[in-house]
Amino acid sequence: MVLFLDFNPFDNLLCILLGISFTLWFTLLLVFIIVPAIFGVSFGIRRLYMKTLLKVFEWATRRMERGAKDKNHPLYKPFSNAIIAKEPTSLEEEIKEIRRSGSNRDLNSATEFEMSDIFYFCRRGVESIMDDEVTKRFSAEELESWNLLTRSNYNFQHISLRLTVLWGLGVVIRYGFLLPLRVTLAFTGVGLLVVLTSIIGFLPNGRMKNFLSEQVHLMCYRICVRALTAIITYHDSENKPKNGGICVANHTSPIDVIILASDGCYAMVGQIHGGLMGVIQKSMVKACPHIWFERSEVKDRHLVAKRLSDHVEDKTKLPILIFPEGTCINNTSVMMFKKGSFEIGSTVYPVAIKYDPRFGDAFWNSSQFGMVNYLLRMMSSWAIVCSVWYLPPMSREEGEDAVQFANRVKAAIARQGGLVDLLWDGGLKRGKVKDTFKEEQQKLYSKMLVGTQEDRSRS
């Protein structure tokens, strides 16, 4: 009996080409990304890539401006996102100015209340409606120049065939090449983190375990950084957080953790989750003393403060990483710091993080995008470019309460990062304005009237 085999040489050639392609893919992955991440070195490919992108963006912007000028239509929004310019004056000074401009009488002989005072509060109300300092911090920045990601200009029109072809080519590169590469790196980094930290967890506590844990965490976070094509510039590394301290930073994105942890090891603080995040947390805590809380424990301020205090008192443990804003802000401002981490009395190491929105918007609008959708947007952007400044350590001064200390640290971070320093609570992202904010204005006005009455009684 003769057995006839249906042999197709084309199928055999296809298998060989696929095998060569996968071998080449993983070889390049190993040589140019994973191995450099292990040793913390860079070949400069990402920075060359960034410079090339900048030149492409500049050309696209010039082409858009020239095309818009030829077609005689505005390219950018007529109104900017800037805050209305206001003089730094107090409530009392502004009301006195209104009284002075609306009355010829001596201010010292004025009654406790004048109808003109209403205009101050009306003006403030209108300013808040026209230029809301809070709500705009929870929406993405509007770029004036097009970064070939999305056609986000409010009145974008077809400019030229070359620009459209360039945009289409960018879509192919980002989704056909960069996205698969980045997903592969992300799974590699997270997988190695889970496996290696679980293995290290079986080692006895000691110097060797701590050393291996730090090296594994750094390696895995550096791989995850490359999964975002993150190009990070660190400034003033001599001020990096040290053991027994607390690192506080402004919060724009969940990837802030990866950005900082790729340059140094930290003890994370957070709530215990389920699913994949829970698996990662359980493996990490086996190798390093991270601080995880049960859902029922999060609102127990005394328990949280005690856990944090016990950690910082042990100078052999890693510095704690905390984002006191409690929510993500859109890379333009710093909002109110919660006072809890400033009540402990430990040395605080402020860190300012500022992203370059031209390459990709790092802000996570959690009310609009879920975590998976957000990560997909990050991995399909051109790159994540940011600067990190390590500020000198700060300690609570004599006679300074936790709120004043928090505001001083926040002001330093805002000043270094070129961010707007706001007093509003980031919790307004989902909640209503607290009555205490309203009562504060009422107390200031009442104090002004009562003070005027006391001054007249003395005279």
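A dipole drawn for segment 223-302 from +1 and -1 charges on Cβ atoms has a positive end, and of I280, I259, T229 the residue lying farthest that way is I280. For I231, the residues whose modelled amide H falls within less than 5 Å of its own, excluding neighbours fewer than 5 places apart on the same chain, are I384, V385, C386.
The mean accessible area for residues of segment 312-424, using a 1.4 Å probe and ignoring ligands and nucleic acids, is 40 Å² per residue.
Just order 192-201, 302-311 by mean Cβ neighbour count inside 10 Å, highest at the front, would you? Could the numbers behind the result be given before it?
Details: 192-201: 17.6, 302-311: 14.6.
The most tightly packed comes first, giving 192-201, 302-311.
Using the Karplus relation 6.51 cos²θ - 1.76 cosθ + 1.60 with θ = phi - 60°, the per-residue 3J(HN,Hα) values for segment 331-340 come to 6, 10, 8, 10, 9, 3, 8, 5, 7, x Hz, with x marking Gly and Pro. Counting only protein heavy atoms and using a 1.4 Å probe, the accessible area of F293 comes to about 10 Å².
Sorting 163-170, 264-271 by average packing, meaning the other beta carbons within 10 Å per residue, from highest down gives 264-271, 163-170. Between the amide H of V420 and those of S333, V334, distances stay under 5 Å, these residues lying 5 or more places away or on another chain, with hydrogens modeled in the peptide plane.
The values are calculated or read from the model by the stated rules, or taken from the named source; none is laboratory data. Treat the numbers as computed from the prediction; the structure is a model and nothing was measured. Glycine gets a Cβ as well: all are built from the backbone with ideal geometry, and neighbour counts include every protein chain shown. Protein only, heavy atoms only, side chains kept; ligands, DNA and RNA dropped before computing areas. Shrake-Rupley method; radii C 1.70, N 1.55, O 1.52, S 1.80 Å.
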